[in-house]
Amino acid sequence: MTETEIIKQCQQGDLAAFKALYDMYHQPALRIALHMLGHPQDAEDAVQILFIKLHRSIGQFHFKAKFSSYLFQILKRICFDEIRRRKRNRTAPLDKVIYSHEPNLDQKLILEAAIAKLPERMRMCFVLFAVEEQKQEEIAKIMEMSIGGVKSTLYQARIRLRKMLDD
């Protein structure tokens, strides 16, 4: 069954089709949320909210864009809302990974810590591009930016990451 057929069945209330959609997108959504929010429990909460909102709004999807763009736009808003809530409440820092210059520290943790320090829109663009391998055109739709804006944001993200990793 194609993704389009699954979505159409979801729009008709088929819970088995919704489970199939969940199975397809749970892990990519969780990876993005984890990069954006920095804490596994917050990421899992964001993904749960995503699929609740998706279940309520799937009838509004009209196949004018890729479904993943629609889904990740919802996730983007959820993550940005959580980041704003944290800033208002001055709670949990975005960077839960401790950055260290110890030689035994895994390079992946260092990179993740650096990514977590990027501003949220820049981080979302970078994660969609580098981790989820989305095309710049899709990122532009998800982020509601121009393609030039996405290219510029990705360029700035690379510069900031290089600077952080060189320090």
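What follows is calculated from the coordinates using simple rules that are stated; it is not laboratory data. Computed from a prediction, not measured in an experiment: that's the story for all the values here. Virtual Cβ from ideal backbone geometry, glycine too; neighbours counted across all protein chains shown.
For the chain, averaging the sequence separation of C-alpha pairs within contact (under 8 Å, six or more residues apart) and dividing by the residue count gives a relative contact order of 21 percent.
For each of Cys10, Cys79, count neighbouring Cβ atoms within 10 Å of the residue's Cβ, then give the residues from fewest to most. Walk me through the numbers on the way to the answer.
Working: Cys10 22, Cys79 25.
Result, fewest neighbours first: Cys10, Cys79.
Label reach from Asp167 (point 7 Å along Cα→C-beta): in segment 105-132, amide nitrogens under 15 Å belong to 110-119. Measure nothing fancy, just the Cα-based angle from helix 15-37's long axis to the longest principal axis of the chain, in degrees from 0 to 90, nearest 10. Here the helix axis deviates by roughly 20 degrees. Between segment 131-167 and segment 1-58, what is the C-alpha centre distance in whole Å? Using only Cα atoms, the two centres lie 24 Å from each other. Placing R0 at 45 angstrom, the Cβ-Cβ distance between Gln156 and Gln12 gives a FRET efficiency of 0.55 after rounding to 0.05. The equivalent ellipsoid of segment 3-166 has semi-axes of 30, 18, 14 Å, largest first, where each one is the square root of 5 times an eigenvalue of the Cα gyration tensor. Just Ala16, Ala46, Ala29 to compare: in a GNM of the chain, with alpha carbon springs under 10 Å, which one fluctuates most? Of Ala16, Ala46, Ala29, the most mobile in the Gaussian network model is Ala16. Pairs of lysines in the chain whose Cα atoms sit within less than 18 Å of one another amount to 25, provided the residues are eight or more positions apart or on different chains.
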